[in-house]
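Note sheet for the following structure.
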Number of protein chains: 2
Amino acid sequence: MAAEKRSREARREQIAEAALEVIARHGTRSLSVGAVARRIGIVPSAIYRHFRGKEEILSAAIGRMGERLLENAGRAAAGEGDTIPRLRNLLRDHVRAIREGYAGPRIVFAEGIDGGGVSHRMEVYHVIRRYLDRVAGILRQGQRAGDLRGDLDPEATAVHFLGLIQPAATLWYLSAGKFDVLMNAERSFEQFADAIRKKGKRQRVS
Amino acid sequence: MAAEKRSREARREQIAEAALEVIARHGTRSLSVGAVARRIGIVPSAIYRHFRGKEEILSAAIGRMGERLLENAGRAAAGEGDTIPRLRNLLRDHVRAIREGYAGPRIVFAEGIDGGGVSHRMEVYHVIRRYLDRVAGILRQGQRAGDLRGDLDPEATAVHFLGLIQPAATLWYLSAGKFDVLMNAERSFEQFADAIRKKGKRQRVS
DNA sequence: TCCTTATGTGAATCCATATTCACATTGTGC
DNA sequence: GCACAATGTGAATATGGATTCACATAAGGA
């Protein structure tokens, strides 16, 4: 039973997407060339027509995952209104992504990824760093707008923001979805918001 | 070159410890029966005299790791004086463990662990939950002592506490130690402390 | 329509890892 | 000292995954 041929571009996209889906569904450790091929409906060796090997697939998948993560943060950065609700919305986006089973949160928040060398770690690291820069940007905006304390360090606070969701995500994955990620993330967020809000500051009307 | 024979008990301890050392040094994905055996200086098949298989080694390693994590939290719980410095000390213990290269943080904070089934995920999950219960206990003590806000939810706040260090740890591992885990964890901690401290409360003298 | 190239298939190869098994050696108890 | 059990060794086996390779087929261009 021969699969339909696809153009190089189309197949590369499909392969990278299938890799993310395998990760999302079964975890990063279950990613194999075979699993990706099966998901698409081709044989494993066909994959090598489009990617030089597993390492290249991983890089493509990480790149994709990173774009989506940055999109989320970019949306929050581009939004209008008071900073804290925007950050809350970003947090909720992450919770939604976790629950709906996207691969990005699983890689970043819970399991890491490794296909044979340091290079993927650095790729994931740079994805996270770029994301944190985005969040730090939002925090700086908030400071300029007078929503947030002027004395907070945007970079370190962005790391803290990431920590509002990471443990909840980890526990959600470990418990196969039983842990209440939303409630915990939001409770943590309220404490965080309390700490970063400029004192005496009321919420601006958006 | 024959290795010295060891009693069952001694060897089991040695194997479990070697497993944690392999993880600490090279990450959870590099754990193999062979790597453990090499670390000890015996052949891989000798391992099966003492453990039924890799899965049992993993369980022993997770158990050990869990005990150490709980010890740390237990020390903070048993300490005296104001709650917030005790939590800060606990946080610093974690940072130290990360930097000194213990396996526990690597498993819990960054990479997870998997040897073939759901069972290890649940083991790690339970380790973390027991740890969080310990931290929640410290928070309750703090509430009763009047150090902390009475309206904070101890369980959710314990999750937040975990989030003060987890992203920093993840980034530290991903960057092979380049990320400043201490500074970031402490900055996050200051915001956290601000949010949970009972208002108008001065630090008790210990 | 024909030819060439791109892509898919199926078999084979290689490698690493987990594990079993038969033999060897050491340590303990009588 | 001897016998037995426990533990270590080294070879073999099984499995899964990554990858290569020769052949097959489809698609695009002349």
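The single condition among (1) open to solvent by 60 Å² or more (accessible area, probe 1.4 Å); (2) under 23 Å from residue B:132 (Cα atoms); (3) among the small types (Gly, Ala, Ser) that residue A:163 does not meet is (1). Residues of the range A:83-98 that are among the polar types (S, T, N, Q) and open to solvent by 20 Å² or more (accessible area, probe 1.4 Å): A:89 alone. Looking across B:182, B:152, B:148, B:162, one residue alone is facing another protein chain (nearest Cβ under 7 Å) and hydrophobic (A, V, I, L, M, F, W, C). It is B:162.
The one condition from (1) farther than 30 Å from residue B:88 by Cβ; (2) open to solvent by 30 Å² or more (accessible area, probe 1.4 Å); (3) modelled with pLDDT of 90 or more that residue B:6 does not meet is (3).
Rundown of residues vs (1) within 7 Å of chain B (Cβ to nearest Cβ); (2) at pLDDT below 90, yes/no style:
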position	(1), (2)
A:167	yes, no
A:174	yes, no
A:186	no, no
A:189	no, no
A:201	no, yes
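Quick one: in the range A:50-59, which of the residues that are out of contact with any Leu (no Cβ under 9 Å at 6 or more places or on another chain) and in contact (Cβ under 8 Å) with a residue 24 or more places away in the chain is farthest from DNA strand C (Cβ to nearest atom)? So the residue we want is A:59.
Please go through the range B:7-56 and give me each residue that is small (Gly, Ala, Ser) and within 23 Å of the chain's Cα centre (by Cα), ordered by number. B:16, B:18, B:19, B:24, B:27, B:30, B:32, B:35 - these are the residues of the range B:7-56 that are small (Gly, Ala, Ser) and within 23 Å of the chain's Cα centre (by Cα). Screening residue A:102 on (1) under 13 Å from the mean Cα position of the chain (by Cα); (2) open to solvent by less than 20 Å² (accessible area, probe 1.4 Å) shows it passes everything except condition (2).
In the range A:18-33, what residues are in a helix (DSSP H, G or I) and out of contact with any Lys or Arg (no Cβ under 7 Å at 6 or more places or on another chain)? Listed by number, the residues that qualify are A:19, A:25, A:26, A:29, A:30.
To keep it simple, each residue is scored yes or no on (1) within 14 Å of DNA strand C (Cβ to nearest atom); (2) within 22 Å of residue A:108 (Cα to Cα); (3) open to solvent by less than 20 Å² (accessible area, probe 1.4 Å).
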position	(1), (2), (3)
A:15	yes, yes, yes
A:18	yes, yes, yes
A:28	no, yes, yes
A:37	yes, no, yes
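Contact map, the range B:70-82: residues that are surrounded by 19 or more Cβ atoms within 10 Å (Cβ to Cβ) paired with residues that are assigned to a helix (DSSP H, G or I) and among the hydroxyl-bearing types (Ser, Thr, Tyr), Cβ distance under 7 Å, separation 6+ or inter-chain. Pairs shown: B:73/B:131. For the residues A:33, A:135, A:127, A:108, the requirement of being within 16 Å of DNA strand C (Cβ to nearest atom) and either within 14 Å of chain B (Cβ to nearest Cβ) or farther than 22 Å from residue B:173 by Cα (or both) singles out A:33.
The values are calculated or read from the model by the stated rules, or taken from the named source; none is laboratory data. What you see is a predicted model; the values in this text were computed from it and never measured. Methodologically, a virtual Cβ is constructed for each residue, glycine included, from the backbone with ideal geometry; neighbour enumeration extends over all protein chains shown. Calculation scope for accessible area: heavy atoms of the full protein, side chains included, ligands and nucleic acids excluded. Shrake-Rupley method; radii C 1.70, N 1.55, O 1.52, S 1.80 Å.
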